[in-house]
Amino acid sequence: MCGVQYGEVAAYQADIVLEDYPYKTAHVHGRCYETLQQLAPQEVCEVLDRAGDTRLQQRVWRWSLREGEVSLTQVMYEAVLRALGSTGHRQHFQALARTVSWNELQRCLGSIPLQDRGLAAEALLLGIAGMLPDNTSTCGTMDAETRQYVMALQDYWHTFPADIQQCAWHDVNWRQPNVRPANTPERRLAGMARILAHYNDTSLFDAAVALCHTSYRQSAVRPAWTLGHALAHLLEVPTLSYWMRRAHLGGRRSKGQRLIGTQQARTVVIDAILPVLMLHAQYSADAALREHLLACYHTAPLLSDNHLLRYMHHRMLGNDPALLGLVTGARQQQGLLQLFADFCGNDEGNCQGCDFPLA
C-alpha cells in the first residue's frame, strides 16, 4: 500500500526545484539590470511574461510525467501538498502524498462520521508523517488541551489498517530554522487533512474542474481572474482544529489563524492547481478551457513576497521603481523566479558566464 518510504525521497530528484532551498549570494546588482535598463518597458514586460509562461509550462510538463503513472486526482493531491510544504519540506510533503494515496486515505475516512472526519484526517497525516507521540505516557507533561487532542489522535490512529500504520515515517527531522509559526509542517498537514475530510465524497480535483467549467460558462460576465479567487476558496475549508491556535504540539497558544490563509491559498493555485487543470484541459483537448485557464493565470494579482523574489528585485531589477512597477501580477513574479532558475541559480554573484543578455 505504501507508495514510497521516506528513504526513497532521493529517487524523485527530478521534482526538486531551486526555490525549495534558501539561497544566499552577494547583494549586488547583476549585469542583467544594466541590460533591462536599456530596454523599453514593453520589452521588459515581454521578457517577464515569456519567462512566467515558461514556468507554467514546465510545471504542466512535470506533472504530466506523474500523470502517466497515477490519476489526475492523485496528481492534484501531490501537487497541492507539495505546494503547501514550507522551504526545505516540499519534497517530503510530495513523498508523503505518494506514500499513501488520496484514495487510500479516503477509504480510511469513509466510515467515520462527518463531524469527526477532520480530526481523523489529522491523525492520518500526522501519524504517517511520524509526528504523533509514540505513546500516551508522554501526555503527562502536556497541557490539558494538548493531552486531550493527542489522545484523540492516537485513538483514531490505532483504528486505521495495519498497512497504513506501517507506512509511518520515524526518521524525518521536521524542524527548520526561520519558519514562521503559521507555516510549520504540522499546521500545513493539518490544513491538508481538513481538505481531505471536506472532499471525502468527491475529490479536490473534481471540485476544481467543476468550478472551472462554471467559471468558463460565466466568462462573458465575470473576468477570468475571479476563477483564481474561487479556486483558492476551495482550500479555505471551515475548521475548528487544535492547530488554529498552535504552531507546535504543546506550544504556546495564539489568538488563532486559518490553517491555510488566503495568501497561501492563492499561491497554491498558481503553483499547483492551475498547472494540473491545464494538464486536464490538454488531455481533454479542450482548447477553450485551456485559454480560460491561461487568462486566469495572466490576470492573477500579485502573490506574497518571498526571499527569492526579493533577491531578484535587487539583483535583476536593481530595486528600480520603474522596473519594479512592471511586476504587476503573479505571471511576472513567476517570470522572475524562472529567470532565477535559468540564469542565477548556480551563480556566485559575479555574473561570469551568464548569457542572459543574449537570451
Going by alpha carbons, how many degrees (0 to 90, nearest 10) lie between the helix axis of 204-217 and the longest principal axis of the chain? 50
Table column - 3J(HN,Hα) (Hz), region 81-86, Karplus curve with 6.51, -1.76, 1.60, x for Gly and Pro: 5, 4, 5, 7, x, 6
Just Pro181, Pro321, Pro275 to compare: in a GNM of the chain, with alpha carbon springs under 10 Å, which one fluctuates most? Pro321
Dipole in debye (nearest 20) - the chain, about Cα centre, beta carbon charges: Lys, Arg +1; Asp, Glu -1: 960
Rounded to the nearest 10 degrees, what's the angle between the helix 90-99 long axis and the longest principal axis of the chain, both from Cα atoms, 0 to 90? 50
Build a GNM of the chain with springs between Cα atoms under 10 Å: which of Gly68, Gly118, Gly85 gets the top mean-square fluctuation? Gly68
The ³J(HN,Hα) series, computed from each phi in region 274-282 with the Karplus coefficients 6.51, -1.76 and 1.60 at θ = phi - 60°, rounded to the nearest Hz and given as x for glycine or proline, is 4, x, 5, 5, 4, 5, 4, 5, 5
For region 33-114, using Cα atoms only, the Rg and Dmax in Å read 19.1, 64
Order by neighbour count: Phe93, Phe343, fewest other Cβ atoms within 10 Å first, most last. Phe343, Phe93
Furthest towards positive pole of dipole, Cys344, Leu279, Ala83, structure part region 6-358, Cβ charges: Ala83
Region 6-358: relative contact order as a whole-number percent, Cα under 8 Å and 6+ apart: 29
Convert each backbone phi in region 226-241 into a coupling constant with the Karplus relation 6.51 cos²θ - 1.76 cosθ + 1.60 (shift: θ = phi - 60°), then list the ³J(HN,Hα) values in order as whole Hz, x for Gly and Pro. 5, 4, x, 5, 5, 5, 4, 5, 4, 8, 8, 6, x, 7, 10, 5
Compute a Gaussian network model of the chain, connecting alpha carbons closer than 10 Å, and tell me which residue from Thr141, Thr87, Thr73 fluctuates the most. Thr141
Take the chain, mark every one of the GluC sites (Glu not before Pro) that falls in a DSSP loop and has at most 11 other Cβ within 10 Å, then report the longest stretch left between them, sites excluded. 70-347
Can you grab the distance from the C-alpha centre of region 55-74 to the C-alpha centre of region 297-356, Å, no decimals? 25
Between the modelled labels at Thr35 and Thr141 (7 Å from Cα along Cα→Cβ) the distance in nm is 5.5
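Among Tyr33, Tyr216, what is the fewest-to-most ranking by other Cβ atoms within 10 Å?
On the way: Tyr33 18, Tyr216 21.
Neighbour counts put them in this order, fewest first: Tyr33, Tyr216.
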Which angle from 0 to 90°, rounded to the nearest 10, does the C-alpha axis of helix 185-198 make with the longest principal axis of the chain? 80
What longest range of the chain stays clear of loop-exposed trypsin sites (Lys or Arg not before Pro) (DSSP non-H/G/I/E/B, at most 14 other C-beta within 10 angstrom)? 25-174
By what distance, in whole Å, do the Cα atoms of region 234-359 stretch along each of the three principal axes, largest value first? 54, 44, 27
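Read-outs: derived from the displayed coordinates by stated rules, not from any lab. Since this is a predicted model, take the numbers as computed values, not measurements. Positions of Cβ are backbone-derived with ideal geometry, glycine not excepted, and every protein chain shown enters the neighbour counts.
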